[in-house]
Amino acid sequence: MFVLNERELRRPEFSEGHKAVLADGQEWTFPRPVLRFRPVRDKDAKFGMGGDWGHDLEYRRLRDALVDCDQEQTFEMMSLQLQIAANLLLRNYALSDDQLGTLVYFDFDDPANATMWEGLTEVIFASPPKPLADGSAVA
């Protein structure tokens, strides 16, 4: 079996972040979500601070759909989890669809696959870095 070289597949814009062991047994890095603050007006037209965390609008849309998904809708939940994992993984790695399919999939007969999804769930709902007083952020 051919093993993918995680380091060689990194994109030039590779970003350190949360790590998870995928189906090939290697640890892969998912970009850390960002925390963005912005001015927002309240009902009295006064400015306050609003914000959100995530990666982009598509990520937040998928994450919100997953959170709102009925626990009985197993296949919809699985589809959303696969979409989010693929979306995030492809930000850091140049992978073909076939390569991606060897790294991230559901296999209900494989206990290691369940463990992998526990790690991926942590990645999907990862916390953004905490802001510091100087405006920078740390994990």
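Readers should treat all values here as calculations from the given coordinates under stated rules, not as data from a laboratory. On a predicted model such as this, the values are computed, not experimentally measured, just so you know. For neighbour counting, all protein chains shown are included, and Cβ atoms are generated from backbone atoms with ideal geometry for every residue, glycine included.
Rounded if a/c is under 1.5, else prolate if a/b beats b/c, else oblate: with a ≥ b ≥ c from the C-alpha gyration tensor eigenvalues square-rooted, which is the range 6-123? Could the numbers behind the result be given before it?
On the way: a/c = 2.77, a/b = 1.56, b/c = 1.78.
It comes out oblate by the Cα gyration axes.
Work out which trypsin sites (Lys or Arg not before Pro) in the chain are exposed loop sites (DSSP not H, G, I, E or B, at most 10 other Cβ within 10 Å) and give the longest gap free of them. Please report the intermediate quantities before stating the final value.
Numbers: sites that count: Arg7, Lys43, Lys46.
Longest site-free region, per DSSP loop and neighbour criteria: 47-139.
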(message) Once you place label points 7 Å from the Cα toward the Cβ at Asp107 and Gln83, how far apart are they in nm?
(response) 2.6 nm
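So if a site counts as exposed when it's one of the GluC sites (Glu not before Pro), its DSSP state isn't H, G, I, E or B, and it has at most 14 other Cβ atoms within 10 Å, what's the longest stretch of the chain without one? Write down the numbers at each step before the final one.
On the way: sites that count: Glu8, Glu13, Glu16, Glu72.
The reported range is 73-139.
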(request) Could you calculate the FRET efficiency of Leu90 with Val67 from 1/(1 + (r/R0)^6), where r is the beta carbon distance between them and R0 is 22 Å, rounded to 0.05? (result) 0.50
(message) Is there a quick way to get the dipole size of the range 17-130? I mean about its Cα centre, with the Cβ of Lys and Arg at +1 and of Asp and Glu at -1; what is the value in debye to the nearest 20?
(response) 1060 debye
(message) Based only on other Cβ atoms within 10 Å, what is the fewest-to-most ordering of Ser15, Ser96?
(response) Ser96, Ser15
(request) Extending each Cα 7 Å along its Cβ direction at Glu27 and Phe75, get the distance between those two points in nm, one decimal. (result) 3.7 nm
(message) How would the range 5-62 be classified by its alpha-carbon gyration tensor: rounded, prolate or oblate, with rounded meaning a/c under 1.5 and the a/b versus b/c comparison settling the rest?
(response) prolate
(message) Can you compute the modelled spin-label distance between Glu122 and Phe2, with each label point 7 Å from Cα toward Cβ, in nm?
(response) 3.1 nm
